[in-house]
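In what follows, a single structure is set out as structure tokens and then discussed.
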Amino acid sequence: MNSIVKNNKTSIFQKVLEDKRAIRDCIQKGENLKKVAQERGIKFATPL
């Protein structure tokens, strides 16, 4: 049971790293950030 939980945490961490790379590449290339966020299911925090 512990191995199943450990594998899920790793995959979540990998997904976060891939999303972070995609956002960084998008900003560097000057592409549409909203489109990338929508494709990957990312929600950005907005200041109040």
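Miscellaneous remarks
- Here the Karplus relation 6.51 cos²θ - 1.76 cosθ + 1.60, evaluated at θ = phi - 60°, turns the backbone of region 12-26 into coupling constants of 5, 4, 5, 5, 5, 5, 5, 5, 4, 5, 5, 5, 4, 4, 4 Hz, with x for every Gly and Pro.
- Between residue 12 and residue 32, residue separation times 0.36 nm minus the direct Cα-Cα distance comes to 4.7 nm.
Where a number appears in this text, it was derived from the coordinates with a stated rule and is not lab data. Keep in mind that what you see is a predicted model, and the values were worked out from it rather than measured.
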